[in-house]
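Below is one structure; the comments refer to it alone.
Read-outs throughout are calculated quantities, based only on the coordinates presented, and are distinct from any laboratory measurement. This one's a predicted model, so the numbers in the text were calculated from it and none came from an experiment. All Cβ positions, even for glycine, are placed from backbone atoms using ideal geometry, and neighbour counts span all protein chains on display.
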Amino acid sequence: MQIPAPFDYVRATTVDNALELLARYGPESRVVAGGHSLLPMMKLRLSRPEWLIDINDLYELDFILRDGNKLRVGALTRHTTLLESEEVAALFPIVRDAEQVIADPVVRNRGTIGGSLCQADPAEDLSTVCDVLAAEAVIRGTGGERILPMAEFHRGPYETAVGPDELLCELRFPVRPRSGSAYEKVERRVGDWAVGAAGAAVFLAEDGTVEDAAVGLTALGLDHPVAEAAGVLRGKRPDEGLFAEAGRAAAAACNPVADQRGPVDYKRHLADELTRRVLRRACARAAAQMQEG
Amino acid sequence: MTVIHDRPSNPAAGDADRPIGYGRIQRKEDPRFVRGKGHYVDDIVLPGMLHGAILRAPVAHARLVSIDTTNALAHPKVVAVITGNDLLGLKLAWAPTLSADVQAVLVTDKVRFQGQEVAFVVAEDRYAARDALELIDVEYDVLPPLVDARKALDPDAPVIRDEIEGRTDNRIFDWEMGDKAATDAVFASADVVVGQEMVYPRVHPAPMETCGAVADFDAVSGKLTLYETTQAPHAHRTLFAIVAGIPEHKIRIVSPDIGGGFGNKVGIYPGYILAVVGSIVTGRPVKWVEDRSENLMSTSFARDYIMQGEIAATKEGKILALRTHVLADHGAFNATAQPTKNPAGFFSIFTGSYDLQAAHCSVTGVYTNKAPGGVAYACSFRVTEAVYLVERMVDVLARKLNMDPAELRLKNFIKPEQFPYANKTGWVYDSGNYEAAMRLSMQLAGYEDLRREQAEKRERGELMGIGVSFFTEVVGAGPRKHFDIVGLGMADGAELRVHPTGKAVVRLSVQSQGQGHETTFAQIVAEELGIPPEDIDIVHGDTDQTPFGLGTYGSRSTPVSGAAVALVARKVREKAKLIAGAMLETRPEDLEWEKGRWFVKGDPSAGKTIAEIAMGAHGTVALPEGVDGNLDAEVTYDPPNLTFPFGAYICVVDVDPGTGQVKVRRFIAVDDCGTRINPMIIEGQVHGGLTDGVGMALMEIIEFDEAGNCLGGSFMDYLIPTAMEVPDWETGFTVTPSPHHPIGAKGIGESATVGSPPAIVNAVVDALAPYGVTHMDMPCTPARVWAAMQGRARPPI
Ligand SMILES: Cc1cc2nc3c(=O)[nH]c(=O)nc-3n(C[C@H](O)[C@H](O)[C@H](O)COP(=O)(O)OP(=O)(O)OC[C@H]3O[C@@H](n4cnc5c(N)ncnc54)[C@H](O)[C@@H]3O)c2cc1C
């Protein structure tokens, strides 16, 4: 048994109560959601919060809601809920693609989208998903609410715009017609973090050309979408040649580091290969959606 | 999961067709395990029990400058803190290893691997013990680490074992086997010679239950009761008597339910000794259970062999000779568990299943700043490395000769009529019919169709690989005249008592870590005596209650203790005959045996069942002279030879050409372990070993960085396979009994671990043939496979 350093524990009852507790216990306190990132780090004593503020009773943060041309997802929504949601799969197939390869059922039953994004592990899959879907993060503090685009939410590995006394409450995803998305990951074993992964979202114009596209990479040293890849596609009719060009752009833009999962050249190759694959699939899905009307 | 060829109508308990003896029955121990009623070391709670935790070295190589325990001792819940200096006073700072070396129990002079034991805290609870570790102040003077075995013998390499007088380098041993001159001569005149370096990386047994102990020293009686995660309780008792100086009759070792061993629980680790010292010092029971990172980083490893192989053959594909030199990384202390006189254990069985003219191997063992061990780990003492070497070499040759690898093997097998077969390095294989097993596996696989499918796929640029391996295992150590572990011979005792109502209890020295002993051994007695297996209890794992024997590892339980059990049952049967004669007023010679009963020849209605005879023995029947009033017996079995299980494995993989990901699509395993006692248990052992093989071939490795940091210290870093990485296993079998074993059984525990890695790697290399790849080392991770496809295959170490 790995034993964490001593800590105190309190269960928040509402979002306001959680914010109060965060204010009361200060920077040495930590919110715990699914606990699947925080608790392993505590057990290895890499993280030693003095207070754990448990937000698992905040059912108000556990929802998936269609609201006009937005899909709103509460921060406490579990991976499993996202994986199993037909509504999410129909609108954003990339989510199911990604959720299928995040950890294992035990982790997915507890782990949350909010915890994933706030943990901001460079190999975390949902950040890429949120990036390419142009999600917005709804953050609350005692002073009120702010809504940030992903570009402002990310602050680098293990860092986000969420302050020590704030809560991430919700993610909002814009719903667009004629769209398709996809995610693919290479892992050494099921449940392992990505060696590298790529996600893509494509929006077609009525004439079948690409109106807009986004390509994001996971664990490859880039925490924002690959602008060059989108540039390659915009205004063009999708084909293998374009995917290849976008793949090369992604490989050039990424900045991987060597580790036990693989050396730099391999990871750069994955950026290329996986970008092609997800664009191929995202475009096919968008085209299929267009056909269905 | 399995293709079952001989499933009876209903294997469930209560079936009237249920075999009394051999056959497929559910495991007697499983109701306990599936209901969560197993009882493991960490479940043991004794009155007044304290908890120990080990402070471990953060660096791989460093002089110990000072330890200050003041703050830890000031912790309100800390009862004692033990350091290397305290142990020096008790003459316990160093303990003998299983390979004629010593290992530091706690560091006194120098840290030699990251994770090494530095101090031991005993506290009121495990949380306090763990917290107090942070209160110990240690000053280290960091030294350059040596983690690359290839540099261990460089003149400027740091000398790791400088405490050994006169030691100026890191060489542990040079050892060789076989006829070098004869081998070199065959090589010199052979048509074809191919060589290949191959690495068997350092891997870890990683049992689900980590190692641990509860020590309870009774100062009044002087008796030490030690509950331990051990695969060898009797050997541990003797070793504790020698190490700790406690008289052997005052030591009781209890090995309760064990959550997997795989060789990890053969050795005596510092933690066990520290729990004992803690109990003696505090006068209270002390529990120590390591956490996962401690297990992965400090309690033993397996493999770590860098092998240079060469094979010589004729143009037509007749294999003539094999030679190899191995650089063996033994870590900081030579603690390898193995029972032979050879420092490389059974490695010299590397001639495999082939009829060779000559063979020679040499092994150089070196110290490095890594955890000690080199345990069996489901490898029958280095057979895993040996089989990997020969089976990869044969494939390398097949490629060179442009021959089908299955065909090349068929051409070179030892023939059935050649058994018993003396190989060129001194082993005498008991029995085998290799060609039959090979052909069965090819038939089950649909080998020709697979090759056709592969050719079609290659046309389309798809990467499919078919890998073959054929292994000969060597298990059941071993004859007393050749085998021992620190001077203890390897004969096993067995005791059988039949109670008055015909129910029986068997006492065994070997302990199960999941192999199903409570079922298999009951079935052996059932087969011999006709008592239903559920009426036979197995007592094991407690030295106060069982006869002496060397323990469970190297697939030795069935070959050695299984033989003892069969023989003790036969002894009881013969005694029952005498008693039945008295009861039936007949001469014993006139009695005939049918399962469960002696009857009068020619008059089957006049007979006595074992239960009736047992009641008679314990009752008032007038017993013949010299016959005691019981139905009990005991034996000690000294095996005349080892047993040599074998098997033919075929693996089919698909490789994603864009990412290098390997998918094991099919795996066909034909095993021959001689007589099959419980086919379901055999298949379970095979499934486990195959899964293990997938892990080693595709993902497992304990790596170190240049600073000597262990990079495999958690299950996030050290990957073991899940159900998602393995296919539906397709198993088959042939039966070639061992001629010298009382029931012809050979052992199956490690066959699949030994046989599967080369099949998988051969399949991966075969898949990559269009890229000109002729070899790649394990683990075949996506990145490493992709590098091989780019012509940049690199050894992992
Ligand atoms: C074995 C294993 C494998 C895994 N594999 C993958 C994988 O392949 N891909 C992947 O993406 N992830 C993987 N994960 C991580 C998993 O998805 C985690 O569940 C997730 O990263 C964190 O979610 P959580 O709800 O458990 O967060 P927690 O562990 O509870 O929290 C993580 C961090 O976020 C903070 N936090 C949580 N919720 C909020 C909130 N609403 N507002 C502000 N701060 C908050 C916490 O304070 C903490 O700092 C794996 C985890 C494990 C254990």
Can you work out ³J(HN,Hα) from phi for every residue in the stretch A:159-168, in order, using Karplus 6.51 cos²θ - 1.76 cosθ + 1.60 and θ = phi - 60°, giving whole Hz and x for Gly and Pro? 9, 9, 6, 6, x, x, 10, 10, 10, 7
Residues whose modelled amide H sits under 5 Å from the amide H of B:ASP537, counting only those 5 or more places away in sequence or on another chain, are B:ALA504, B:VAL505, B:VAL506
What list of ³J(HN,Hα) couplings, whole Hz, do you get for the stretch B:540-549 from phi and the Karplus terms 6.51, -1.76, 1.60, once you set θ to phi - 60° and write x for glycine and proline? 8, x, 9, 5, 6, 10, 9, x, 5, x
What's the long-distance tail for the protein assembly as shown, i.e. % of Cα pairs beyond 46 Å? 39
Tell me the relative contact order for the stretch A:179-292 as a rounded percent, counting alpha carbon contacts under 8 Å between residues six or more apart. 32
Based on the alpha carbon coordinates of chain B, what radius of gyration and maximum Cα-Cα distance (Dmax) apply, in Å? 27.3, 86
Under a point-charge model restricted to the Cβ atoms of Lys and Arg (+1) and Asp and Glu (-1), what is the dipole moment magnitude of chain A relative to its Cα centre, in debye to the nearest 20? 520
Can you put A:GLU187, B:GLU585, B:GLU228, A:GLU60 in order, fewest other beta carbons within 10 Å first? B:GLU585, A:GLU60, A:GLU187, B:GLU228
Can you give the charge dipole size of chain B about its Cα centre, rounded to the nearest 20 debye, using +1 on the beta carbon of Lys and Arg and -1 on the beta carbon of Asp and Glu? 640
When 1/r is averaged over all different Cα pairs and the result inverted, which Kirkwood radius in Å belongs to the stretch A:179-292? 13.8
Give the order of B:VAL203, B:VAL375 when sorted by the count of other beta carbons within 10 angstrom, beginning with the fewest. B:VAL203, B:VAL375
Which residue, chosen from A:THR209, A:GLY221, A:GLN291, occupies the Cα position most advanced towards the positive end of the dipole of the stretch A:179-292, where the dipole is computed from +1 (Lys, Arg) and -1 (Asp, Glu) charges on Cβ about the Cα centre? A:GLY221
Let me spell out the model: positive unit charges on the Cβ of Lys and Arg, negative unit charges on the Cβ of Asp and Glu, origin at the Cα centre of the stretch A:59-174. What dipole size does that give, in debye rounded to 20? 160
Quick one: length gained pulling B:ASP148 to B:GLU703 fully straight, 0.36 nm per residue minus the C-alpha distance? 198.8 nm
List the equivalent ellipsoid semi-axes of the stretch A:8-54 in whole Å, largest first, each obtained as the square root of 5λ for an eigenvalue λ of the Cα gyration tensor. 19, 12, 7
Each residue of B:721-727 has, on average, a number of other protein chain C-beta atoms within 10 Å of its C-beta equal to 2
222 nm mean residue ellipticity, helices alone, for chain A (DSSP H n ≥ 4; -39,500 (n - 2.57); rounded to 500): -11000 deg cm²/dmol
Trypsin sites (Lys or Arg not before Pro), restricted to the stretch B:53-134: which are DSSP loop and have at most 13 other Cβ atoms within 10 Å? B:LYS91
Any number yet on Rg/Rh for the stretch B:492-637, C-alpha, Kirkwood? 1.01
From phi via Karplus (6.51, -1.76, 1.60), per-residue ³J(HN,Hα) for the stretch B:421-434 in Hz, x at Gly/Pro: 10, 8, 7, 7, 10, x, 9, 10, 6, 6, 7, x, 9, 5
Between rounded, prolate and oblate, where does the stretch A:1-123 land on the alpha carbon gyration tensor, with a ≥ b ≥ c its root eigenvalues, rounded for a/c under 1.5, else prolate if a/b exceeds b/c? oblate
Would you please name the trypsin sites (Lys or Arg not before Pro) within the stretch A:209-283 that are DSSP coil residues with at most 16 other C-beta atoms within 10 Å of their C-beta? A:ARG234, A:LYS236
Ranking B:ARG292, A:ARG48 by Cβ neighbours within 10 Å, fewest first, what do you get? A:ARG48, B:ARG292
Mean per-residue count of partner chain Cβ within 10 Å for B:780-790 equals 5
Ranking B:THR364, B:GLN196, B:GLY259 by how far each Cα lies towards the positive end of the charge dipole of chain B (+1 on Lys and Arg Cβ, -1 on Asp and Glu Cβ), the top one is B:GLN196
Taking the C-alpha atoms of the stretch B:657-797, how large are the radius of gyration and the largest Cα-Cα span, Dmax, in Å? 17.6, 54
Net charge near B:ILE702, counting Lys/Arg +1 and Asp/Glu -1 over other residues with Cβ under 10 Å of its Cβ? -1
Out of all Cα-Cα pairs in the stretch B:66-175, roughly what percent, to the nearest whole number, are more than 24 Å apart? 37
Towards the positive end of the charge dipole of the stretch A:1-131, with charges on Cβ (+1 Lys, Arg; -1 Asp, Glu), say which of A:SER37, A:ALA120, A:HIS79 has the farthest Cα. A:SER37
Here, GluC sites (Glu not before Pro) of the stretch B:661-712 satisfying both criteria (DSSP loop; at most 14 other Cβ within 10 Å) are B:GLU706
